[in-house]
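Before any comments, here is the structure.
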Amino acid sequence: MTKGDLIIMSNIRLKKTWRWFGENDSVQISWLKQLGIEGIVTSLHHIPSGEVWPAEEILKRKKVVEDAGLDWEIVESLPVSEAIKLGNEFRDQHIQNYKQSLKNLSEFGIKTIVYNFMPVLDWIRTDLHYVLPEGGESMLFDFQTFAAFDIYILKRPGSQKDYSPELVLKAKKVFLEMTETESEELAHNIIVKTQGFISGLKYDSIEDYKTAFLSYLEKYKLIGKEELRKNLAFFLGEIIPVAEECGINMAIHPDDPPFPVLGLPRIFSTREDMEWLEKVNPSLRNGITFCTGSFSARRDNKLPEMIKKFSHRIHFAHLRNTEFLEDGSFYESGHLKGWVDMAELVNILLSEMQKRNNEGRKDAQIPMRPDHGIKFFDEFNINAFPGYPFIGRLKGLSEIAGLEEGILKTSNL
Ligand code: DNO
């Protein structure tokens, strides 16, 4: 290998992408190119999950992205319907539709698709306005508040037995100290506000969304971890051959938070789950969105080991950090602050890209996006979607880009 080769290889950086939610986003797409964004991550959020994404709709969005001088790099997400996760009578039709959407997307050059296999909810936080010691606003998952929501606000049948007696008592205290408005807001945040903009209009139009939500949970009564795994295996068995044909990388997003909630099973939270995924369908098209924030909400997840072991099938990286409170509750701590050593993870990703480049893999460059962000300054007056303020994400992106430059300039990569 000549010195020249080394210089070429060291030019490989993570591809800087940005999640944009379409015309309703508080960030305008025309701002992004000048900030060094290299690709857009977006979805057709208005199409209900289970339906085909028609070519005309894909083209419309692609044109908006290209008019801003950018490429539509990644679909996040092409949602997997509840019927597919449940394996019910609508599954086959929805899988046919999913395959058709993949084909349609591939015709417009889209190569990476994010999806998740979390039942009912896409992600959960109990506080969307958690004030950090320095003053910015972040998001928190608090165990006591979550148990209060489950047991006393939602009143999910049998919920008490999912928590220790001590936690039930604490949850009761939290609930009794809440005003009615606060408890309504908590339920609305969990069921509607954090979900609607991501997974379509599931509950927005339903007045009694708590009852509707309970009936969704009820459907999973007979679905445990094994059944859900079986349904994911079936989905992959159908989808991956199509992805192979179309040259598409599928990238499953981890559970957020990465442990069972509301009596629902979880199947993509740990290293063991990653091992299972690889075994059940070894194709490289069966890949992963490595979301450092989601995986890091479990102390027993050793992120450097996980990322190293599965780096070859990481098609997309979501980079952010978390910190724990004493009782194991966690909050989003900023991109470089927190318990995860971001430098170590970025280093591993850089090595993986170099390795792929040496192997001649076409997908040597791994796209990343700064995931979530802290709210600062006058963004309190802007109605950004929860987790997606402009400045906080831009800060995260810059921090990670700087970190990456530093690693590249000082290591042998
Ligand atoms: C929340 C995100 C999730 C994620 C989906 C991927 O901000 O982490 O919405 O994009 O779960 O399918």
Roughly how many debye, to the nearest 20, is the charge dipole of the range 127-218 about its Cα centre, given +1 on each Lys and Arg Cβ, -1 on each Asp and Glu Cβ, and no other charges?
-> 380 debye
Would you order LYS337, LYS302 from fewest to most other beta-carbon atoms within 10 Å of each residue's own beta-carbon?
-> LYS302, LYS337
To the nearest whole percent, what portion of all C-alpha pairs in the range 63-127 is separated by more than 18 angstrom?
-> 50 percent
Report relative contact order for the range 276-361 in percent, whole number only (criteria: Cα-Cα under 8 Å, sequence separation at least 6).
-> 26 percent
Against the longest alpha carbon principal axis of the chain, how many degrees, from 0 to 90 and to the nearest 10, is the axis of helix 55-67 turned?
-> 60 degrees
Hey, quick one: spin label on GLU272, modelled 7 Å out along Cα-Cβ, who in the range 301-343 has an amide N within reach, i.e. under 17 Å?
-> 301-303, 306
For the range 237-246, just list the computed ³J(HN,Hα) in residue order, Karplus coefficients 6.51, -1.76 and 1.60, θ = phi - 60°, integers in Hz, with x standing in for Gly and Pro.
-> x, 7, 7, 4, x, 5, 4, 4, 4, 8
Against the longest alpha carbon principal axis of the chain, how many degrees, from 0 to 90 and to the nearest 10, is the axis of helix 165-177 turned?
-> 80 degrees
Residues with amide H under 5 Å of LYS15's amide H, sequence separation 5 or more or different chain, H placed in the peptide plane at 1.01 Å from N; which?
-> ILE366, MET368
For the range 34-42, what does the Karplus curve 6.51 cos²θ - 1.76 cosθ + 1.60, with θ = phi - 60°, yield as ³J(HN,Hα) per residue in whole Hz, taken in order and with x for Gly and Pro?
-> 5, 8, x, 6, 10, x, 10, 10, 8
With springs only between Cα atoms under 10 Å apart, run a GNM on the chain and tell me which of ALA68, ALA187, ALA148 wobbles the most.
-> ALA68
Lys, Arg +1 and Asp, Glu -1 on Cβ, resulting dipole of the range 46-172 about Cα centre, debye, nearest 20 = 420 debye
Amide H to amide H under 5 Å from ASP127: which residues, 5+ apart in sequence or cross-chain, H placed 1.01 Å off N in plane?
-> LEU140, ASP142
Which residue, GLU344, GLU177, GLU326, has the most motion in a Gaussian network model of the chain that connects Cα atoms within less than 10 Å?
-> GLU326
Any idea what angle helix 209-218 forms with the longest principal axis of the chain, computed on alpha-carbon atoms, 0 to 90 degrees, nearest 10?
-> 80 degrees
Viscosity 0.890 mPa s, temperature 25 °C: Stokes-Einstein D of the chain from its Kirkwood Cα radius, in µm² per second?
-> 111 µm²/s
In the range 82-162, the trypsin sites (Lys or Arg not before Pro) that fall in loop regions by DSSP, at most 11 other Cβ within 10 Å | LYS155
Expressed as a fraction of 2.2 N^0.38 Å, the rule-of-thumb size for a compact globular protein of N residues, what is the C-alpha radius of gyration of the range 99-233?
-> 1.26
At 0.890 mPa s and 25 °C, Stokes D of the range 296-342 from Kirkwood alpha-carbon radius, µm² per second | 212 µm²/s
Scalar couplings 3J(HN,Hα) for the range 144-152 by Karplus 6.51 cos²θ - 1.76 cosθ + 1.60 (θ = phi - 60°), nearest whole Hz, x for Gly and Pro, are 5, 5, 5, 5, 4, 4, 5, 7, 9
Relative contact order for the range 127-218 using alpha-carbon pairs under 8 Å, separation at least 6, rounded to a whole percent?
-> 22 percent
Arranged by the count of other C-beta atoms within 10 angstrom, fewest first, what order do SER398, SER164 take?
-> SER164, SER398
Report the dimensions of the range 1-133 along its three principal axes from the alpha-carbon atoms, largest first, rounded to Å.
-> 59, 46, 34
Can you tell me the dipole magnitude for the chain around its Cα centre, using point charges on the Cβ only (Lys, Arg +1; Asp, Glu -1), in Debye to the nearest 20?
-> 1080 debye
Those lysines that a straight Cα-Cα span of less than 17 Å connects to LYS170, excepting residues fewer than 8 apart in one chain = LYS155, LYS161
Among LEU169, GLY135, ALA187, flag the residue with its Cα farthest along the positive direction of the charge dipole of the range 127-218, charges on Cβ as +1 for Lys/Arg and -1 for Asp/Glu.
-> LEU169
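Quick note: the coordinates plus some simple rules give every number you see, no bench work behind them. This one's a predicted model, so the numbers in the text were calculated from it and none came from an experiment. Quick reminder, even Gly has a Cβ in these numbers, built from the backbone with ideal geometry, and neighbours come from all protein chains shown.
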